[in-house]
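Novice: Below is one structure. I have some questions about it.
The values are calculated or read from the model by the stated rules, or taken from the named source; none is laboratory data. Model, not experiment: these values are computed from the prediction. Neighbour counts run over all protein chains shown; Cβ positions are idealised from the backbone, glycine included.
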């Protein structure tokens, strides 16, 4: 779903690889991230993250118009792929810094089993087991231009209204994740300060 940094010791050790998964979600190999998203994308491990500020507003981002899949589409705060052996929370921290120039805190998983498959208008397939995390930040986003075109902090009721009014303008994974979060009562709990 997104481009990761290609520097640092973990890349030197593993390459920029994604974890391939079998139908049951067990790791069964790796593949270079740059080659995994095609018209026949294998099931692989990813994550999504929803960033909240001190006012419980959610950061929505618009994907860079140069992105290979879903260019210019509004989505959740950021997404990425843990590298082989990488702790999922470490991957969230790594992508937050790379894509948004942000430090995050209080990272926790809210949808550990989320899985989806979607086909971009250009025919590229997303096929991921993609646990959904929530984190907090008090920083101001500094967009990586290859990743994020723009971003907006929105109250949760406005996010929910956008999902109802213009779902076609939002990424398919955001729509599916939001439906599961809604069913689990997450929006109400956050809105109530929980």
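Novice: If I ask for residues that are in a strand (DSSP E or B) and at positive phi, which ones from segment 82-137 would you list?
Specialist: Taking segment 82-137 as the starting set, the residues that turn out to be in a strand (DSSP E or B) are 105-111, 115-119, 125-129, 132-136.
Correct list: 106 only.
Novice: Pick from segment 124-134 the residues that are out of contact with any helix residue (DSSP H, G or I) (no Cβ under 6 Å at 6 or more places or on another chain) and closer than 15 Å to residue 79 by Cα: which of them is surrounded by the fewest Cβ atoms within 10 Å (Cβ to Cβ)? Even if it seems obvious, please write down each step before you answer.
Specialist: So the first thing to find is which residues in segment 124-134 are out of contact with any helix residue (DSSP H, G or I) (no Cβ under 6 Å at 6 or more places or on another chain), and the list is 124-131, 134.
Filter once more, keeping what is closer than 15 Å to residue 79 by Cα: 126-131, 134.
Numbers: 126: 21, 127: 20, 128: 27, 129: 18, 130: 23, 131: 20, 134: 23.
Only one residue fits best here, namely 129.
Novice: Can you give me the number of residues within segment 106-123 that are surrounded by fewer than 18 Cβ atoms within 10 Å (Cβ to Cβ) and either at pLDDT below 95 or over 25 Å from residue 26 (Cβ atoms) (or both)?
Specialist: Number satisfying all stated conditions: 4.
Novice: For segment 95-105, check the following and say yes or no: at least one residue is touching a helix residue (DSSP H, G or I) at 6+ places or on another chain (Cβ under 8 Å) and surrounded by 17 or more Cβ atoms within 10 Å (Cβ to Cβ).
Specialist: Yes - at least one qualifying residue is present in segment 95-105.
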